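What follows is one structure encoded as structure tokens, with my remarks underneath.
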Amino acid sequence: MKKLILSLLFAVVSMGAFAQFEKGTKYVNASLSGFGLSYSKVPGFCMNIEAGGGYFIANNWMLKGLIGWEHTGGANEFNLGAGARYYVKDNGLFFGGDVRYGLNNAGGGAETAHNAYLAPEVGYCFYLNDHVSIEPSLYVDMCLNHFKDFTKVGLKLSFGYYF
């Protein structure tokens with residue numbers, strides 16, 4: 001059993017050897033969050049789906065854009081944003097942040113909420129091969145205009161493709 005666990009640990013650690021964080025590299029991703037892995041004041045089921053793309057403007061520095069949809073406690077929100085990521089020394093650890101605009105239907109009624117978010121995150125990039133990665137990260141979505149109502153903390157799972 002110990003040998004199996006050690007072998008899996010070495011396999012996970014060695015996945016970072018395929019780092020593609022060089023200037024000119026392009027990136028596309030899809031991510032999921034919620035599913036009971038986040039905390040917010042709003043009760044009920046939460047699910048977030050996001051798609052994005054990015055470009056490395058310098059080694060280890062990526063600018064990215066994103067579009068997303070979130071369902072939380074009976075309300076739907078559509079997001080559009082931009083951000084940046086810094087990868088630490090080609091080992092896969094990254095720090096990032098997004099600025100987003102969200103349009104929330106506030107429970108399906110005629111009332112809508114326009115929200116601005118600041119979303120820092122920290123995560124790790126596990127490479128499955130030279131281009132495909134799995135990227136778990138911890139995030140905080142800080143709602144700047146309705147902080148206590150729409151701010152959430154959680155775990156995000158992304159699938160990335162570097163080319």
| field | First in the range 11-36 and more than 13 Å from ILE134 (Cα to Cα) and at pLDDT 50 or above, second anywhere and part of a loop (DSSP other than H, G, I, E, B) and not hydrophobic (A, V, I, L, M, F, W, C), Cβ under 6 Å, 6 or more apart | value | PHE21/ASN60; PHE21/ASP90; GLU22/ASN59; LYS23/ASN59
| query | Where in the range 83-163 are there strands (runs of 3 or more DSSP E), lying wholly inside it, with at least 1 residues that are loosely packed, with under 15 Cβ neighbours inside 10 Å and among the hydroxyl-bearing types (Ser, Thr, Tyr)? | reply | 93-104, 152-162
| task | Could you tell me whether LEU80 is without any contact (Cβ under 8 Å) to a residue 24 or more places away in the chain, exposed (fewer than 13 other Cβ atoms within 10 Å of the Cβ) and assigned to a strand (DSSP E or B)? | result | yes
| request: Return a yes/no flag: does the range 39-50 have any residue that is closer than 17 Å to LEU138 by Cα, modelled with pLDDT under 75 and of a type outside the set (A, V, I, L, M, F, W, C). | output: yes
| field | Hey, GLY123 of a type outside the set (Lys, Arg) and over 24 Å from THR25 (Cβ atoms) or not | value | no
| said: Where the second residue is outside any strand (DSSP E or B) and modelled with pLDDT of 85 or more and the first is of a type in the set (Gly, Ala, Ser) and lies in the range 126-154, which pairs have Cβ atoms under 6 Å and are six or more apart or on separate chains? | reply: SER133/CYS125
| query | For residues in the range 102-152 being of a type in the set (Val, Ile, Thr) and at pLDDT below 85, which is farthest from the chain's Cα centre (by Cα)? | reply | THR112
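The values are calculated or read from the model by the stated rules, or taken from the named source; none is laboratory data. Given the structure is predicted, the values throughout are model-derived calculations rather than measurements. Counting neighbours? That spans all protein chains shown, and the Cβs are built from the backbone with ideal geometry, glycine included.
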